[in-house]
Structure formats: C-alpha cells, structure tokens
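*Asks:* Could you have a look at this structure, given as structure tokens, before my questions?
Values in this text are rule-based calculations from the coordinates and carry no lab data. What you are looking at is a predicted structure, and each value in this text was computed from that prediction instead of being measured. Glycine also receives a Cβ, built like all others from the backbone with ideal geometry; neighbour counts cover every protein chain displayed.
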Amino acid sequence: MTATTPERLAIASRDIGSHCVAVHVLDDGRPWFAAADGGVWFGIDDGAAPAPVHGGLLAAVPAPEGDALYTSGEDGRVCRIDCSAGMSPSVTELGRVPRRWVRVLTTNRAGAVAWASGITAWVCDAGGGVREIHHNRAVEAIALSPTSALLGIAGYDGLALHALDGDSPPRRLGWQGVHAGIAFSPDGRFVVSRLKDATLHAWRLADGRGMRMGVYPGNVGDWAFSAGGRWLVTSGADAAVAWPFEGEDGPMHQTALALGEPRDSLVTVVACHPVQDIVAMGHADGCVRLAHLATGQQRVLRVSGDTGAVTAVAWQRDGLCLAWGTSGGEGAVAFFPTSDPVEKDGV
C-alpha cells in the first residue's frame, strides 16, 4: 500500500537529469527511476540525490521480492541495489565483464538473475551460484523461464533454449530474422520473440509449433503479460495491442485487441496492472493512459508532454500507484484513490 491514499488522483513529477531507462514502485510507495547517466533516483522529492551506480546505466529490472533492483552498465558491472523501507540504498556487485557493456539483463519470480554481453550469458541462481553459457552468435536478448529451468537466448534467425539443470545441447527454435526480444508465458507453455522487422513470433513448447503474430507499424519495443497470463500486451502501434494466450493453441489463429482510441503517436511502453485486466501505455508524444482489456474503457493521465517519449512505465504491486519516465529526464508517479485506476474520481 502507498503511504498515503489520496482522495483524488494525484500526480507528481521530478527531474532525473537524463533519459529514463527503467522505473519501479517499491511496496512502501516509493518510486525509483534508473537514469542513463548511471544514477538511480528514489522517491519523488526534488531535494533527494541519486544513488550513483554506473558510469552509464544500460538496463535495470526489479527483483521479485519487490524491495531491490538489478542494474547493468557501460562499466561491465551487474549490481543489486537493496532499498528496504527506511534504509539507505546499498549496492552489491554480482558480476563484472571487463571492458564490455552489459546491455542485456533479466530476472524471474524464482529469484534468478541473468545477463549477457557479446556471445556469452551468465545466470546467477537464487543461491548465488553463477553459470556461464556461450552462444554461437551475438546475444540480442535473454529470458528465464518462470521456474528457472530454461534460459532463452534470442539472436539471429531464432531462439536457443538452454536447460539449466544439465549440459545437454540447447533446443533451437528457428525463424528468419533478427530476434531482439524474448519472453516466456507465465505458465511456461509458450515462448515469444519480437523481431526487428516489426513482427512477433511464438512457439508452443510442447511440440515446437510456431506461429507468426502480425505486422506492426513500428518495432515492438516493449511488452507485458496481463495478470494471470491471459493476454500478451505490446507496444508498436497507435494503441496497445493485446494477444490472447488462453487455450491449447494460445494466440494461434486468434485476433488481437487494440486498446483505447488510436492516436497519431505510437505506443512506446506498456505495463499490466498486477491484479486487474488494465493496461498502462506510454506514447512517443508523452501521452500516458490506461485501458481496460474487457470493456475497452480508457482514462488519460497525461495528454502529452514536453520531456520526450515515455520510455518506462511500471505499477506498484498493489496497483494503487503507477510510475513512468521519459527520454527527456522526467520521472513521474500517479497515486490512485481506489483499487480501480480507470474509474474516474472527479479529476
């Protein structure tokens, strides 16, 4: 829960100095903003100073327990920042890749964290053990399966799935093109990739059957599974696009939903509410809005902005707070007075 529940929608913002790489909201209601210049800002108070972590920050993801985050940067370091309520942030280095940038970073709900640089990936399990995995070509993206049994690597002409409980050769899932993103469905039945030709491709892991998932106006740079894993929501169009993942075939032969009224500006980032079928989307023109997957009802939180595209967006785990950041260095947070953020409260 947030420290104070407002009577009406309340939005506050701050200057974080540079491009916002990632955002998160701690369980105590404090947002954090990871900035490209290497600082991580906690809270919305303009008087607070950032925690310096990297010379240049390239990626940041929250830890599953909600009170820590992982970061990587141009210095080749991978760090964990612990930020429990009432405590000053403390930084622990998990790994280092000398003279290399670490752009690729991920974690999962089982507590594992993985990163990659060049043709090599590293997986740190919940107990702190680190395994090194070599790929045959440059690693574009990585993902851990929900149970940490697999590390998925995306790259040129397909995916490689590495079993982490042995030394067996990786399973290859081929599809022509450069695969720049990878995600496992929350139930572990499907794996999805996003390609640099503005398309998606999915595979059913039980039998390896593949499915092409539409062509977008722009590249799909962000995606998220809805609460319960029923929908995969993506950026890359003039409204968020949601693909159904229920049933034996998942999105195969299914039609996607467009959420909210189309805009002249493409959706750049998305985040799914942790409990309800509600999606937050940020646009290239700075617009931030919400849309309900079932009813289509929407709510605009900000029409547009003068601090650039929305580059990151995230919900608090109770759904009462939403944070976002922009390419121009703005960090913002919205506090909702009810458990239904789409519901109007007179503001």
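*Asks:* With the checklist (1) surrounded by fewer than 23 Cβ atoms within 10 Å (Cβ to Cβ); (2) in contact with a strand residue (DSSP E or B) (Cβ under 9 Å, 6 or more places away or on another chain); (3) in a loop (DSSP other than H, G, I, E, B) in hand, flag the one item H201 doesn't pass.
*Replies:* Among (1) surrounded by fewer than 23 Cβ atoms within 10 Å (Cβ to Cβ); (2) in contact with a strand residue (DSSP E or B) (Cβ under 9 Å, 6 or more places away or on another chain); (3) in a loop (DSSP other than H, G, I, E, B), the lone unmet condition for H201 is (3).
*Asks:* For the condition of a type in the set (A, V, I, L, M) and farther than 19 Å from A35 by Cα, what is the one hit in V333, V267?
*Replies:* From the options V333, V267, the qualifying one is V267.
*Asks:* Can you pull out every residue in region 42-85 that is more than 25 Å from A126 (Cβ to Cβ) and either part of a strand (DSSP E or B) or without any contact (Cβ under 8 Å) to a residue 12 or more places away in the chain (or both)?
*Replies:* Across region 42-85, the qualifying residues are G47, A48, A49, P52.
*Asks:* Follow-up question, since we're still on this one. Which condition breaks for A12 when tested against (1) under 25 Å from P341 (Cβ atoms); (2) among the small types (G, A, S); (3) part of a loop (DSSP other than H, G, I, E, B)?
*Replies:* (3)
*Asks:* Say whether the condition of being within 22 Å of W315 (Cβ to Cβ), hydrophobic (A, V, I, L, M, F, W, C) and either assigned to a strand (DSSP E or B) or without any contact (Cβ under 8 Å) to a residue 12 or more places away in the chain (or both) is met by at least one residue in region 102-111.
*Replies:* Of region 102-111, the ones within 22 Å of W315 (Cβ to Cβ) are 105-111.
From the residues that got through so far, the ones that are hydrophobic (A, V, I, L, M, F, W, C) too are 105, 110.
Next cut, either assigned to a strand (DSSP E or B) or without any contact (Cβ under 8 Å) to a residue 12 or more places away in the chain (or both) only: 105.
Yes, region 102-111 contains at least one residue that is within 22 Å of W315 (Cβ to Cβ), hydrophobic (A, V, I, L, M, F, W, C) and either assigned to a strand (DSSP E or B) or without any contact (Cβ under 8 Å) to a residue 12 or more places away in the chain (or both).
*Asks:* Taking region 265-308 only, how many residues are over 26 Å from P64 (Cβ atoms), surrounded by fewer than 22 Cβ atoms within 10 Å (Cβ to Cβ) and within 18 Å of the chain's Cα centre (by Cα)?
*Replies:* Qualifying residue count for the region: 2.
*Asks:* In region 125-176, how many are in contact with a Phe, Trp or Tyr (Cβ under 8 Å, 6 or more places away or on another chain) and part of a strand (DSSP E or B)?
*Replies:* 13
*Asks:* Does region 222-237 hold any residues that are farther than 13 Å from D277 by Cα and either surrounded by fewer than 19 Cβ atoms within 10 Å (Cβ to Cβ) or of a type in the set (S, T, Y) (or both), and which are they?
*Replies:* T234, S235
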